[in-house]
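Q: Could you have a look at this structure, given as structure tokens, before my questions?
The values are calculated or read from the model by the stated rules, or taken from the named source; none is laboratory data. Note that this is a predicted model, so its numbers are computed, not measured. Here Cβ is always computed from backbone atoms with ideal geometry, including for glycine, and neighbour counts include all displayed protein chains. Note: areas computed on protein heavy atoms with side chains; ligands, DNA, RNA excluded. Shrake-Rupley method; radii C 1.70, N 1.55, O 1.52, S 1.80 Å.
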Amino acid sequence: AGRFFGETDGSVMTTLIQMGMFKRVSLFDYQAMCKTNFHSVSSARPLLSSFYALASTFKWFLSNFLLFLLEFNFCSFWHMEHFAD
């Protein structure tokens, strides 16, 4: 009980397949397979390249400038009563 019938009595199972009562199905267990990694990526690679350092610095300046513009109060320039004569 609880076992595959083909493992218990293979000749009877082969006969049942030939009679058409059962159909042969191939099963694959991919759980135990490990993918081989041919291309390993190191996180230190961008630190060694000057282009990545320059690009990250430019992104940092751009994001800080955009945040400054979003937080800046432009309404004070449109209302002149806040300025001294």
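Q: With the stretch 1-77 as the region, which helices (runs of 4 or more DSSP H) entirely inside it contain at least 3 residues that are at pLDDT 80 or above?
A: Values: elements: 5-8, 10-19, 45-48, 50-71.
Those helices (runs of 4 or more DSSP H) span 10-19, 50-71.
Q: Could you grab the pairs with beta carbons closer than 6 Å, sequence gap of 6+ or different chains, first residue in the stretch 3-30 and open to solvent by 100 Å² or more (accessible area, probe 1.4 Å), second one in a loop (DSSP other than H, G, I, E, B)?
A: none
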